[in-house]
Every structure is written in C-alpha cells, then in structure tokens.
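S.K.: Okay, handing you the structure first.
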Amino acid sequence: MNNFDQYIQTLEFDKILSLLADCALTTGAKQKALALRPETEKALILANLQQTTDAKALAAIKGTPSFGGVSDITSATDRADKGAMLTHRELLDVANLLYVVRGLLTYIRTDQREETSLDELFSLLQPYRPLEDAIKKAIISDDMLADEASPALSEIRRKMRRANSRIKETLQQTVSSGKYAKFLQDNIVTMRGGRYVIPVKAEYRNEIKGLLHETSSSGATLFIEPMAVVEANNELRELESAEKDEIERILYALSAETAQAASLLNENYELVTELAFIFAKATLSYKLDASAVHLVDERIIELKRARHPLLVKERAVPITAVLGGEYDTLVITGPNTGGKTVALKTMGLLVMMAQAGLHIPCDDTSRLCVFDNVLADIGDEQSIEQSLSTFSAHMVRIVDILGAVGDRSLVLFDELGSGTDPTEGAALAIAIIENVREQKALCAATTHYAELKVYALDTEGVCNASCEFDVNTLRPTYRLLIGTPGKSNAFAISSRLGLAPAIIDRAKGYVRADEKRFEQVIEKLERSRIAMEENEARAKEAKRALEAYKAGEEKRIEQMMLAAEKEINRARAESVSVLKSAKVVSDRVFAELETLKKKKDAEDFAKALEESRRKIRRQLRQANTDIHDIAFNETESAQPSRPIKQGDEVYLKNVGRRGTVVSGPDAKGNVTVAAGRLTTKTTIQNLVLAEDKGLLFTSKEGKSIPAKQYRPSAPRAFSPEIDLRGMTGDDAWWTCDKYLDDALLSGVHQVTIVHGKGTGALRTFIQTQLKKDARIQSFRNGQIGEGDAGVTVVELK
C-alpha cells in the first residue's frame, strides 16, 4: 500500500484525481489518473513535473493533440495471439490506435522548436500503415465489411444482388398479375425465414403452388414461397453462406496480422495512454491556473499565494504558508469557520499533488521538500457502530499517526486535544506535539486552547499562526498570518449571531484575569499589525505612483527626443536637396565655362577658369560639411575677442576641426590654417579663437559642447578606397577632392582610387589633378592583385 493511501480521502486527494480523470481523453488515461499516487523519490517527481510542464507548453503552442478515444486493445491482441477471430469492433480499435499514433508523430514533428522531456515517448511510437490500411479498407462499421475487402467477397455479393433482383422481379410479376390478385391477401413481397414469400389467403391454398413457410396468428394468411423462385431462393441462401465464410476468412486473416504485430500494438497503446495521461495533467494545470513547484532538499514548506484547488478560484482567498527552517511546528488559532482547517488541508493536499507530478495552484516561486508520508487527523469521524466518541475517534487516528511518523513526515492535526476536558486536552495536545517534534517531523496543528498559544510563544522552533478576523465586520478574512496568535472571537461572533448583550457581558465576567490580559495583549498585537500593514500598503501605493509618474515622464522625454530627431532629419534632407540643386547649377556653369575655354586660348583665361572651378568645389564641400558634420552654435557674438595672428589656436567652423594659424590675414582677409595633415586657406569669419568663451559646438545627438572641450572624432566607417567609375572628369575630381579631405581628417596615409581601365581618359585626368595637389606625397598605378591599371594608389602627406 502507498504511504499516502490512508489519507487520500481525508485530504480530498481522491477528488483531485476525479478532476484529472475528467481531463483524460482515453479510457486508459482515465484509469491511470484514478490510480495516481504521490511518489517519494525526488528524481522521479521532478521528471513527472517536467513532463507536465512540457505538455502544458506544447498545448499552449500547438493545442492538445488528438487521442481519438483510443480503446484498450491488449485483450484483443492477446486473443488474436491465441488464434481467435477478432470482431469488427476490435479490429477497428486496432486501426484507430495506429491512426492516432501517426497523428501524434505528425503533431510532435510539426513546428518543433526545442527538445522536451516528452520527445522520447513520442519517438518510441511505431506506425504500422499496412495493417491500418488493410483494416480500414475491409471494415466499414461494427457489423459490415466492404465489398472491396476481397475479390471473392465482391463477386459473391454481386451474385447475391443479381439473385435478389431476379427473385423480386418474379414475385412482383406474380403479385401484379390479375390472375393471382384474388388469391393474395396483399400485393406485396415479404420475407420469412430468410426467404422471399407472398401472402396468400388461406382459402386459396391450393391455387398457388409452392412451399408454405408460415401462417398468420389468425390463420387467414399463408406465407408461401412460389415454386418459380424456390431455386433462386436456394441459390441466394448458398451465396449468403459463402459470404459468411468469406467474411470469417477475412476477419481471421486480419486477426492473424494483428497477432503478428501484437507486441508493437501493445507498446503503442501503453505509450498513447501515457501521453494522454500527461496531457490530462497539463489540462488540469490550465483549469486550476497552477504551476510547477520547486523541489528542494531543505526540510521546508513554503507555499506562496496558495489556493485550495477544490474551491472556486474567484472566491478562494490565497494563503502564504511557511513551515520549516526556523521552526518545525505551526500552531494555528482563530475563530471557527475562519479557515484553519482549509489551511491545513491546503498544505497537505498540495504536497500530495506535487509529489504526484501535478502542478499546484500557487506562486511559481513556492518551494517544497519531499515527504515520505503525509499524516492527517482532520474532521470528526465518531462511529456509533464502533462506540467511538469524537475524542476517541481522534485519539485512534493520532495513535496510528504517532506509530508511522518519521523525520520525513508532514503531520497535520485539526483541533488537537478537543472533545475532552480543556485542561487535560491542552496538556495532551502539547505532549503529542512534543512527541512529533522528537521524531524530527514537520507539524501543523489547529487549536482554540490558549495554553498552546503560550507554548508556541515560549518554545523555540514552534511558531504561532492565525486566521485573520475582521473585528469591524465581525467576519473572517481567511488569510493565514504567520507569527501572530489568533483569538477565537467567540463573544464577537455570538453577538453578531444575535445572542443577548447581557449574556455576553456576564460571560466576559467569568473569564479569568490572566486569560483576559493575554487576550488583550493579542488584540493589541493584532491592531498594531493591521496598522503596520496599512502603512506598508500606503507606502507601496506611493511607490507605484512614483514609478508610474517616472515612467510617464521618461516616455514623454523619449517622444520629445524622437520628435527633435525627426525634425533634424527633415532639415538635413532639405539641405541635401539644396546641395543637389547647387551641384546641378555648378555642372551647368562648368559646361558653359568649358565652352568658353574652347573659344579662348589665352593662358590667363585657363587659370581663371581653374580658379573658378576650385571656388565652386570649395563652396559645395562647405555646404556638404554644414549638412553632415558638427554644427556651430553661437550663443554669444561670433566675432573673435581679438585680432587673429600667426600661432593662434583656432577652430574651423565649417569642418569642426582644431588647428593652428600658419600665416596671418592677407590683403583679402584670408588666413592659412594647419589642421592635422590638412593645410587650408579660409576667412577670418570661419575661425573661432580657442580661448573664447560662450561658443558651443552642437553634436548630431543635439548635445552642446564648449569649444574648449570639443575634440572632433574621425568620420565613421571611412573606407580606404573610392570608386569613380562611370563619372565624368569634373564629377570624379569633385568627389575625389572631398574624399582626400576626409582621408586627412581620418588620419589615413594611403588610399586607393578606382577609375577603371577603359580608354584611360579618367585615369589620366585624375592623375593630372593629383600632380598639382599639395596634399599628395606620391601616387602610382596599382599592381597585380591591387587592380592593375584600373586603380591609382595615393600616398598622402
């Protein structure tokens, strides 16, 4: 017998099994559910819980698989193995099992995302399509074989239909003939004893020759088989006999195939039953809104927000119960109907469910250890037949419990020591608890005795608990409070139920002074606890409000940042559009200038033309830089605080670079600035003295950076290679010119210009420009492996 069997009904575990059986989709799974018992090996319990968890996850993703109402086929396979002929129904059950096996394999192989503990069970399933198809082809229903079951059966039935037609046609001619009309009771053809006959009036017996099969109860009608159809009827009977023999032959053949596959079929049935049972546990978990509990080696019960699974979820009050660790015994007090017994049953029942591999209705951070048994004395089982009073019935069970208790036991006592003299009952209750504690078991007991409350306060390892009672509404709240002794509130409950105040006042006068003081202390503690909980609730609410406000402000700021970024992107897009328009205009100017150059041969005109080109390119680069690089923001006057001279540290507004003035302003007000490897001429208006205050650079992210702190970074993702193929000479050099500036800003010493081979015109034009460029140290054609004559490799100063 399982260690838990004796207390299954006491803790209502049998009702949980009934709920589980209702969730099962096969007869075998229902039987397995009703036979479920808690296990005591941790590894096995963990494996069972994992299977339930995985089945629940699969059902959430794919739905519960179809088990097709699989029936137990083990007795059929056993009979088939002994040479018996299986019935139509038994063979159809075999085919249905094989069909379900194929469906389960399809289920697990479709959209399988990760491995589960059920994969091994699914992998052991063995489809057998030939037998499944043979049965389905041959058998239509519980009592009918298809004509296609065999060629012989098809031929026999064809002949039977033909014989039937001949007989009916002959008899129909007889009953329709005017010659025989007056001899017949009715103009119909019927059957008697499996043969076709016609109803003849008794007085005309000799008018129609044939075989008499039956006489009506009144004797007025004779059912005669005319001689014209006797031979046809005989032929039909022979065909029916042949049909029966052929059906038996087919059933024997299918039974023999079933016998050959008996082992495979039995294994499949066990696997399907096991899977149906596991998915039934998953379905129950959904219905109870349950989760897997954490099993620990520590001797502890820690149930958070636990509900009794048989109570209506919407009405059940969750409790948090902790037993073990600092204390091994819990003394629960409180008013009648306050929830003490429900708390005990919840603890015991959830332990049994978890050890049976079932999910339990509590928070998923709850913890349990594994018990060898759960021993419970709950309820009043007085027996008139056995002459047992309430006290005696309790004591009989307590004696059994004390004989079975061990260090891995959970012991639950309801109203320990009740039913007898209060003084003796309290003393007996304390002694029983002490005995259980000596066995190192975990124990929870409910009581009304004040002596047990005092015992729990004075004894290390014993903790008070109570079921909360609302003194304002005079109703229990059913919450379990750990660490606080409870009051029975008999006076308050009696008053609410209508007992006269005078009687209640008189009763209060009979309470001993020490007991009254103790109850007053408990009441004061209760009020302090309630006030503390209210303060804690208000603090939590304030914290939630603050977090909600913070989240709202963060979201608002994020939205503002996104709006600002969109505005910047819009402005940048407009600037790009302006730049493109400027480039189109410059291209047209270049074309006009090229036309003029062809008309003018003067050398000074060519120089002026080249200077104009450089000026346009600088302007286009400046526009491009203004769009994509760091923007300069003048928070005060943009004018230098003093005249700029050689050697000053300055910032170039257009590129956001720091440099040194190489030479002072010339006649046109231009100065030469060295910024890293780049030496350029620019106007004084494009410069900012590094020593000036109040000037800010604004980054792309919108952050303002003081000029003295700003250090520009190299362009992101700079490529050491540029492709100019497909461009005209001027476009190619304009692109290359800016690329060389970017290379210098990035600190790159060598770059590759891809211009392609073609006619060589673009290569010649680019290299001509490179010869005249002061930024170039040297350049050469590419070597084999670099791109050969299709590229030019440039060394920068």
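S.K.: How long, wide and thick is region 1-56, going by the Cα atoms along their three principal axes, in whole angstroms, largest first?
M.R.: Principal extents (Cα only, largest first): 31, 28, 17 Å.
S.K.: Roughly what would the spin-label model give for K82 and A563, points 7 Å off Cα along C-beta, in nm?
M.R.: With each label placed 7 Å out from Cα toward Cβ, I get 8.7 nm.
S.K.: So what does C369 come to for accessible area, using a 1.4 Å probe and Å² rounded to 10?
M.R.: 0
S.K.: Could you sort K82, K182, K668, K304 by their accessible area in this structure, using a 1.4 Å probe and putting the largest first?
M.R.: I get K668, K82, K182, K304, largest accessible area first.
S.K.: Answer with one residue from G193, L131, L92: the one whose Cα lies farthest towards the positive end of the charge dipole of region 76-193, charges on Cβ with Lys, Arg +1 and Asp, Glu -1.
M.R.: G193
S.K.: Follow-up question, since we're still on this one. To the nearest 10 square angstrom, how much accessible area does E438 have with a 1.4 angstrom probe?
M.R.: For E438, solvent-accessible area is about 130 Å².
S.K.: For region 316-443, compute the orientation-averaged projected area of the C-alpha convex hull (one quarter of its surface), in nm².
M.R.: 9.1
S.K.: What is the gain in length, in nm to one decimal, between R162 and Q783 on full extension, counting 0.36 nm per residue of separation less the C-alpha to C-alpha distance?
M.R.: The R162-Q783 span can extend by a further 213.9 nm.
S.K.: Rounded to the nearest 20 Debye, what is the dipole magnitude of region 235-361 about its Cα centre when Lys and Arg each give +1 and Asp and Glu each give -1 at the C-beta?
M.R.: Dipole about the Cα centre, nearest 20: 1440 debye.
S.K.: A follow-up question, please. With bins 5 Å wide starting at 0, give me the P(r) of region 1-100 over every alpha carbon pair, in whole percents.
M.R.: 2, 11, 13, 16, 18, 14, 12, 9, 4, 0
S.K.: Quick one: if you stick a label point 7 Å off each Cα along the C-beta vector at Q50 and A539, how many nm between them?
M.R.: Calculated label separation equals 4.2 nm.
S.K.: Next up: Limiting things to C-alpha atoms, what are the Rg and the maximum Cα-Cα separation (Dmax) for region 275-359, in angstroms?
M.R.: Over region 275-359's Cα set, Rg and Dmax evaluate to 14.1, 46 Å.
S.K.: Compute the accessible area per residue over region 1-53, keeping the other protein chains in place, probe 1.4 Å, unit Å².
M.R.: 49
S.K.: Which value results when the Cα radius of gyration for region 51-175 is divided by 2.2 N^0.38 Å?
M.R.: In units of the globular-protein estimate, region 51-175 measures up at 1.60.
S.K.: Which log10 I(q)/I(0) values does region 235-284 give at q = 0.19, 0.20, 0.22 Å⁻¹ under the Debye formula, counting every alpha carbon as one identical point scatterer?
M.R.: For the requested q values the scattering log ratios are -0.72, -0.74, -0.79.
S.K.: How much length is gained if the chain between Q646 and D22 is pulled fully straight, taking 0.36 nm per residue apart and subtracting their Cα-Cα distance, in nm to one decimal?
M.R.: Between Q646 and D22, full extension yields an extra 215.1 nm.
S.K.: Let me ask something else about it. Would you work out the charge dipole size for region 305-374 about its Cα centre, treating the Cβ of every Lys and Arg as +1 and the Cβ of every Asp and Glu as -1, and quote it to the nearest 20 debye?
M.R.: The calculated dipole for region 305-374 is roughly 320 debye.
S.K.: Where only protein heavy atoms count, and the probe is 1.4 Å, what is the accessible area per residue for region 120-169 in Å²?
M.R.: Heavy-atom SASA per residue in region 120-169 reads 58 Å².
S.K.: Run the simple label-point estimate for T768 and Q185 please: 7 Å along Cα→C-beta, distance reported in nm.
M.R.: Each label point lies 7 Å from its Cα, and together they span 12.8 nm.
The values are calculated or read from the model by the stated rules, or taken from the named source; none is laboratory data. Since we're looking at a predicted model, the values are computed, not measured. Quick reminder, even Gly has a Cβ in these numbers, built from the backbone with ideal geometry, and neighbours come from all protein chains shown. SASA here: full protein model, heavy atoms, side chains in, ligands and nucleic acids out. Shrake-Rupley method; radii C 1.70, N 1.55, O 1.52, S 1.80 Å.
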